[in-house]
1. Test each condition in (1) at positive phi; (2) surrounded by 14 or more Cβ atoms within 10 Å (Cβ to Cβ) for ILE70 and report the one that comes out false.
2. Tally up the residues in segment 41-67 that are open to solvent by 40 Å² or more (accessible area, probe 1.4 Å), out of contact with any helix residue (DSSP H, G or I) (no Cβ under 8 Å at 6 or more places or on another chain) and either among the small types (Gly, Ala, Ser) or in a helix (DSSP H, G or I) (or both), please.
3. Within the set of pairs 6+ apart or on separate chains, which have a first residue in segment 107-121 that is part of a loop (DSSP other than H, G, I, E, B), a second that is modelled with pLDDT of 60 or more, and C-beta atoms under 6 Å apart?
4. Considering only segment 82-116, state which residues are closer than 24 Å to GLN71 by Cα and surrounded by 12 or more Cβ atoms within 10 Å (Cβ to Cβ).
5. Which of the residues that make up segment 70-85 are in a helix (DSSP H, G or I) and more than 15 Å from GLY27 (Cα to Cα)?
Amino acid sequence: MNEMNPAGPCAACKYQRKRCDESCVLGRYFPLERAEDFENVQRLFGIQNTVKILNSVEENEREKTVESLIQEARLRRQNPVHGPVAVERRLWAEVEKVKKELDMVTKELKFFKGDDDHDKPSSSVV
């Protein structure tokens, strides 16, 4: 048992069948109850790359980094071909749709307020 997780090794150490101690970089982010998240991240990035990624960011950014890795691994597992790009495309399509809808509503609002450029008389004197 270790000091970080008295219930046993972290998901990473259990996967590697090694003893988990305070020097375990992944133990803090992948406790045993997050074994599925660890497996997804490990499949996509590998253990060594995951450790390198975590070591390359500041300590205060590691929690967010791990959550990003987990999210990307989940999305890649759900959609092996496009992964996170599929979600990004869908969200951009939604943004474009909402922009068009907003433009249409803005034009209608101007029309009903009488601010439509076509309805205003020209400033020239007749």
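The values are calculated or read from the model by the stated rules, or taken from the named source; none is laboratory data. Just so it is clear, the structure is predicted and the values come from calculations on it, not from any experiment. A quick note on method: Cβ atoms are made from the backbone with ideal geometry, for glycine too, and the neighbour counts reach across all protein chains shown. Just so you know, the surface numbers come from the protein's heavy atoms only, side chains and all, with ligands and any DNA or RNA stripped out. Shrake-Rupley method; radii C 1.70, N 1.55, O 1.52, S 1.80 Å.
1. (1)
2. Going through segment 41-67 one residue at a time, the tally reaches 11.
3. What qualifies is ASP116/LYS110.
4. HIS82, GLY83, PRO84, VAL85, ALA86, VAL87, GLU88 - these are the residues of segment 82-116 that are closer than 24 Å to GLN71 by Cα and surrounded by 12 or more Cβ atoms within 10 Å (Cβ to Cβ).
5. Of all residues in segment 70-85, those in a helix (DSSP H, G or I) come to 70-78, 84-85.
The answer is GLN71, GLU72, ALA73, ARG74, LEU75, ARG76, ARG77, GLN78, PRO84, VAL85.
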